[in-house]
1. If you average the sequence gap of Cα pairs under 8 Å that are 6 or more apart and divide by the length of the stretch 5-126, what percent do you get for the contact order?
2. For the stretch 1-89, build the charge dipole from Cβ charges (+1 Lys, Arg; -1 Asp, Glu) around the Cα centre, then report which of Pro6, Ala76, Tyr45 sits farthest towards its positive end.
3. In whole Hz, what ³J(HN,Hα) sequence does the stretch 328-335 give by Karplus (6.51, -1.76, 1.60; θ = phi - 60°), x for Gly and Pro?
4. Please label the shape of the stretch 216-275 as rounded, prolate or oblate, based on the square roots a ≥ b ≥ c of the eigenvalues of the alpha-carbon gyration tensor (a/c under 1.5 means rounded; beyond that, a/b larger than b/c means prolate, else oblate).
5. Asp488 to Gln357: extension gain in nm, 0.36 nm per residue of separation minus the Cα-Cα distance?
6. Return the lysines within reach of Lys495: Cα separation strictly under 29 angstrom, same-chain partners fewer than 8 residues apart disregarded; answer none if there are no such residues.
7. Using 1/(1 + (r/R0)^6) with R0 = 45 angstrom and r between the beta carbons of Glu588 and Thr400, what's the FRET efficiency to the nearest 0.05?
8. List, in order, the whole-Hz ³J(HN,Hα) value for each residue of the stretch 56-71 obtained from phi through the Karplus relation with A = 6.51, B = -1.76, C = 1.60 and θ = phi - 60°; use x for Gly and Pro.
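The values are calculated or read from the model by the stated rules, or taken from the named source; none is laboratory data. These numbers were taken from a predicted model, which means no experiment stands behind them. We place every Cβ from the backbone using ideal geometry, glycine too, and count neighbours over all the protein chains shown. Only protein heavy atoms, including side chains, enter the accessible area calculation; ligands, DNA and RNA are left aside. Shrake-Rupley method; radii C 1.70, N 1.55, O 1.52, S 1.80 Å.
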Amino acid sequence: MEQRDPPPTEEGWYALHDFRTIDWDAWRNAPEHRRERALEEGIDYLQSHANLDDVTDPDEFGGGATAVYTVVGHKADVLIMHLRETVAELDTAERRFEQTAFAEFTEQPNSYLSVTEASGYTESARGYFEGEVDDDSSLAQYIQKRLHPEVPDSEHVCFYPMSKRRQPEQNWYDMPFDERADIMERHGNIGKGYAGKVSQMIASSVGLDDWEWGITLWADDPTNIKDLLNEMRFDPSSSHFAEFGPFFFGRKFPPADLPAVLAGDDVPTGDSDTAGQHAETSAPAHAGDSGGHPRGETGSHGTSDSDSHAGGPPTGGSDEDDEIEADDEIQQKLGNLGLYPGEDYDEGDHGLVFYSQADAQDLADEVDGLRSNFEHYDTHVLTTVRANEGRAAIASVWKTESAADTASGFLNDLSGIVEGYRGPLGEGDGETDDAETDAGDEIRGELEDLDIYAGQPHGEDVYALVLYSEADREELFAEVDDLRDGFDRYDTHVKTALYDSESGDDDRTAVVSIWDTQSAADTASDFLSDLPGIVARAGEESGFGTMGMFYTVKPEHREDFVEKFGEVGELLADMEGHHDTALMVNHEDENDMFISSQWRAKEDAMDFFRSDAFSETVSWGQDVLADRPRHVFLA
């Protein structure tokens, strides 16, 4: 019998879920002085461990975390969850609790020991384990946050152990690696619908406890946990291959509220500091499950890559903001990048703008990795890369200042960062809004004066995405066709198609996707960026950007149109500031044409649109075009 390949793994912090029941009869009958001492020592134990006072030599990730929860039902009354660098620290913490007066009123009906784990089922994750990823890359940082998670401040917690089946017809460990990887990827897609709702910690317990994994889920709304797990039950990864142990469900409370817990009062009381000061400061907000990014960095439940069941990323983030400069004009900077109040963000949000001298495509890849993690947080509004005056700009908007502060630490570590700005965002109406009109609006206004239609990239008309791929055309078409089937379920989808070079002198294929709204286009861009062989994205080059011109030609005039393009191309070649213009043809409809035109600056592009040659071309086109042309800025 053939031995199967296990996925590569890396381990992080050890986890102890310490469940305690309270002897309520003994507590009620105890003298007041005994109860007071028990509460005092119990609070001191819980708070000191939440503050990591027991960690004498913390690692670069802080050394761990401790949180305390009530447990609903008969299985336990309190859960103390510890994360530490070593088993020795957990062993000491467990025994130290037994030395408190509070422990005299408790029993330990259950406990669970495990270690946080990341594994390499997906191609990108395998690159990490094979040493092909830099330590400071977004993927490496993400995996380290999975291995050294922050505990979210969500109200509810759910813990359960699980294993994979070994029955004759359902033996997970006897399946080929590729089949397991495919199942885990499909299973992970379920969690993507729970962005901002559920967060998780996956920890392996092989050789440490009775089951193979311990899963911890957090959420403010308990039905989100129920809905996530219920949906996953119907996926083959669970229905065919998963076995589950007992479930424990509870609510977080700060250590200072221990008296209220013992008194039967509501918790948290609101009169005490939240538990675990260490755990409060890092995550941008309540961490989300594996949502947002259509294909996470490590590929399983949104972003998890383990064999285990639950879905979503760990919480985490950097506390550093490296003195990012506060800027009263942050809203104008966002406007210059084509991001507007009321359409892309709301009054009261907080904005970040960074400028980088790094290669735009490399930077876009880095930001994609960060964004896939950011989108797990319900406070994240947007993060994008735009071309700006010959350099790359990264814009990121968050619902809260603290979330923006945390995100700024990650963004400031991107390649080539030379400037960074931050600030609150206002309404953006009235005179301020007029002052913040970007170059794209000015160009569209001038084109309207010339009776030339220009699509809007921020929701007013349509938003177009164009990416270029060097993959095999038929392979690429098959994947795009699958994506399009999903896109067509949304009313905001206009079209998605492949365009090949009419002249045949370009091996790249353009993937064009047009949407009614920017938010829909932004979501689609995450799917499209995962297509094979992607080498560039229109609008990410330096300079003004790209005009995407879409034409549907009458069949009898197709050759005339191609000939006319050749004439215009000769004119463009001699124009100041013109980089490149190419005629592309729809892979499925030879009469559907796309012209991609790259320019150095706004005025260079406008000189062409004001020219007599262009006016003559527009007049000529009225007879040969089957529909109104659509001109869309891709910058």
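1. Here the relative contact order equals 49 percent.
2. Highest projection toward the positive end goes to Ala76.
3. Whole-Hz 3J(HN,Hα) from phi for the stretch 328-335: 5, 9, 4, 5, 5, 4, 5, x.
4. prolate
5. 43.4 nm
6. Qualifying lysines at Cα under 29 Å: Lys192, Lys554, Lys564, Lys602.
7. 0.50
8. 8, 9, x, 7, 5, 9, x, x, x, 6, 9, 9, 10, 9, 6, 10
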